[in-house]
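Participant: Starting off with a structure, shown below.
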Amino acid sequence: MSVDVRPATAGDNDALNALVRRCPMRADISLIVERDPDFFALGRARGTTNTFLAEVEGAAVGCLSAWRHSAWLRGTPGDISYIGDLRVAPEQRRLGIASQLVATLVQYLRTLPPVPQLLSTGAGNSAVTQLASTFSVGEPLARFTSWQLLPVMAAKIRGGFDMGPAESRDEGDLVTLLDEFYRHRDFSPVFGAGGLGRLLARSPGAKLSDYVLARHGGRIVAAIGLWDASSVRRTRVVGMPLWLRSMCAATRVVSRITALPPFPRVGSLLRFWYIRHAAFEDGYEHALRALVRRAANEARTRGDHFLLYTCADDDPLSSAVAGLPRLSFHYSLSAAGSAARMLERAENRKALSWCFEDAALA
Ligand SMILES: CC(C)(COP(=O)(O)OP(=O)(O)OC[C@H]1O[C@@H](n2cnc3c(N)ncnc32)[C@H](O)[C@@H]1OP(=O)(O)O)[C@@H](O)C(=O)NCCC(=O)NCCS
């Protein structure tokens, strides 16, 4: 069998969409991330993206992408690259196609200026563990949890903050808060120097007023960005453990007679928004908690299945989900490439405070 790997073009759109639909990611909950009608739209939201396609006798059997954008890197703006979208058609697995895609991509990345390359792998996805270890350097840099905040009841909001959507006159103060907060979080976007505007411009549907602010004494003390990413990616659940299937079925029954929101079935698309850039001024964790609760209550009003909140396990951001009903999904972020080795050096790892990951783009 001869496998050809080449850069994907706009003409491969339908083949790529069909391929990803056939490749669920198997973990505790198995999911398909659907990309139609435009496979490349998520790539544009990510930054500068290259996708490689593997073909056998002219049929698409595998894909892999790499994307680059600027980010905070040990307190200084720099460039980083991610690797993702790894998929191989079910009938062509264990034939070395993923390995061939990875080798081609690594060769291609060597032709670009060296930057840290990052790869996230979901806990329980055993198929990709070995591939990730051949690609990455050392131990994972960070472990993350994506919390699915379940809006099963209206969350109580305490704190007495003045909360509301950002207006154009708030942009400067919001950017200052975000950069002050995120410069201590490697791989997070740089918001200043027009970064926030560029980020919004490449995130279809996103606008400044999707950032919700909490003020104290007239000052912005916490913020969250909300994004409905369904125009570039939709998640379909294709497998759940028995306990979760039973819980969802029971909750669907109860929701017919109470105000509980609907729970998903296997086969259905998940309705949720992402919390992308949560930030708070020192000492105002409780303002962030109030914003997250407000957003969860809005998700309940929309009838969404959940609200997704992601942060590194050791990040104080994780305290914002306390007391909210939730499920969780765990994954780790590994680094590869020559530039990644500097992140591994002990003194630099100490200088790193936390790592950031935008689950909406993963
Ligand atoms: C993960 C995936 C891309 C692997 O593709 P593949 O072409 O079968 O992988 P390869 O044949 O190149 O395998 C390379 C190595 O990975 C490991 N591997 C691959 N599939 C595996 C599996 N199901 N279980 C355990 N190890 C596996 C093996 O070590 C394998 O080497 P070996 O066959 O010599 O033992 C494919 O299973 C897939 O598309 N899965 C669904 C989507 C997904 O989970 N993508 C990853 C998202 S991070």
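Participant: Work out the FRET efficiency for K156 and R26 from their Cβ-Cβ distance, taking R0 = 35 Å, and round it to the nearest 0.05.
Facilitator: Computed FRET efficiency for K156 and R26: 0.40.
Participant: Moving to a separate point now. Could you tell me the calculated FRET efficiency between E171 and S70, based on Cβ-Cβ distance and R0 = 25 angstrom, to the nearest 0.05?
Facilitator: 0.85
Participant: How charged is the neighbourhood of Y108? Take every other residue with its Cβ under 13 Å from the Cβ of Y108, and add Lys/Arg as +1 and Asp/Glu as -1.
Facilitator: Every neighbour counted, the sum reads +3.
Participant: Report the local net charge at G197: Lys and Arg +1, Asp and Glu -1, summed over other residues whose C-beta lies under 12 Å from its C-beta. Spell out each step's value before the answer.
Facilitator: Numbers: positive: R198, R202, K207; negative: E171.
With Lys, Arg at +1 and Asp, Glu at -1, the net is +2.
Participant: Quick one: net charge around G239, please, counting Lys, Arg +1 and Asp, Glu -1 for every other residue with C-beta under 12 Å from its C-beta.
Facilitator: +3
Participant: What accessible area per residue, rounded to a whole number of Å², is obtained for the chain using a probe radius of 1.4 Å?
Facilitator: Working: 16070 Å² over 362 residues.
Per residue, the chain has an accessible area of 44 Å².
Participant: Still on this model: Sorted by packing (mean other beta-carbon atoms within 10 Å per residue), highest first, where do 109-115, 284-290 land?
Facilitator: 284-290, 109-115
Participant: So, one more: Quote to one decimal, in nm, the extra length available between T111 and N17 on full extension: 0.36 nm per residue of separation minus the C-alpha distance between them. If you can, show how the numbers build up before the last one.
Facilitator: Details: separation 94, 0.36 × 94 = 33.84 nm, distance 2.80 nm.
Difference between extended and current length: 31.0 nm.
Participant: I've got another one for you. Need the C-alpha centroid separation for the stretch 170-185 versus the stretch 98-126, integer Å.
Facilitator: With the stretch 170-185 and the stretch 98-126 each reduced to a Cα centre, they are spaced 30 Å.
Participant: Next up: With an 8 Å cut-off on Cα pairs and a minimum separation of 6 or more residues, tell me the relative contact order of the chain in percent. Walk me through the intermediate numbers first.
Facilitator: Numbers: 738 pairs, mean separation 88.3, N = 362.
Dividing the mean separation by the residue count of the chain yields 24 percent.
Participant: Still on this structure, please answer the following. Could you tell me which residue out of G323, L213, A359 lies farthest along the dipole of the chain toward its positive end? Charges go on the beta carbon: Lys and Arg +1, Asp and Glu -1, centred on the Cα centre.
Facilitator: Working it through, the farthest residue towards the positive pole turns out to be G323.
Participant: Can you tell me the dipole magnitude for the stretch 4-142 around its Cα centre, using point charges on the Cβ only (Lys, Arg +1; Asp, Glu -1), in Debye to the nearest 20?
Facilitator: 300
Participant: Right, next: For the residue pair A127 and A322, what label-to-label distance in nm results when each label sits 7 Å from Cα along the Cα-to-beta-carbon direction?
Facilitator: About 4.0 nm separates the two model spin labels.
Participant: Distance in nm between label sites at L242 and E139, each 7 Å beyond Cα in the beta-carbon direction?
Facilitator: So the two model labels end up 3.6 nm from each other.
Participant: Next question, about the same structure. Using a/c under 1.5 as the rounded threshold, could you call the chain rounded, prolate or oblate? The axes a ≥ b ≥ c are square roots of the C-alpha gyration tensor eigenvalues, and prolate needs a/b larger than b/c, oblate otherwise.
Facilitator: Oblate, because a/c is 1.5 or more while a/b does not exceed b/c.
Participant: Also, quick follow-up: Give, in nm to one decimal, the length gained when the segment between S268 and R252 is fully stretched (0.36 nm per residue of separation minus the Cα-Cα distance).
Facilitator: Going from the current span to full extension adds 4.4 nm.
Participant: Return a whole-number percent for the relative contact order of the stretch 149-269, with Cα pairs under 8 Å and 6 or more residues apart as the contact set.
Facilitator: Working: 118 pairs, mean separation 28.4, N = 121.
Averaging sequence separation for qualifying contacts and normalising by length gives 23 percent for the stretch 149-269.
Participant: Below 8 Å between Cα atoms, with a sequence gap of 6+, how large is the relative contact order for the stretch 4-142 in percent?
Facilitator: Dividing the mean separation by the residue count of the stretch 4-142 yields 22 percent.
Participant: Keeping the other protein chains in place, figure out the carbon and sulfur percent of the accessible area of the stretch 4-142, with a 1.4 Å probe.
Facilitator: Using a 1.4 Å probe with all protein chains present, the stretch 4-142 comes out at 53 percent carbon and sulfur.
Participant: Related question: Would you mind checking which residues have amide H under 5 Å from T48's amide H? H placed 1.01 Å from N; only 5 or more apart, or other chain.
Facilitator: Under 5 Å from the amide H of T48 lie the amide H atoms of R68, each far enough along the sequence or on another chain.
Participant: Please say if the stretch 34-168 is rounded, prolate or oblate, where rounded means a/c under 1.5 for a ≥ b ≥ c the square roots of the C-alpha gyration tensor eigenvalues, and otherwise the choice is prolate for a/b larger than b/c and oblate otherwise?
Facilitator: prolate
The values are calculated or read from the model by the stated rules, or taken from the named source; none is laboratory data. Fair warning: this is a prediction, and the values are worked out from it, not measured in the lab. Using ideal geometry, Cβ is built from the backbone for each residue, glycine included, and neighbour counts are taken over all protein chains shown. The accessibility values were calculated without ligands, DNA or RNA, using every heavy atom of the protein model including side chains. Shrake-Rupley method; radii C 1.70, N 1.55, O 1.52, S 1.80 Å.
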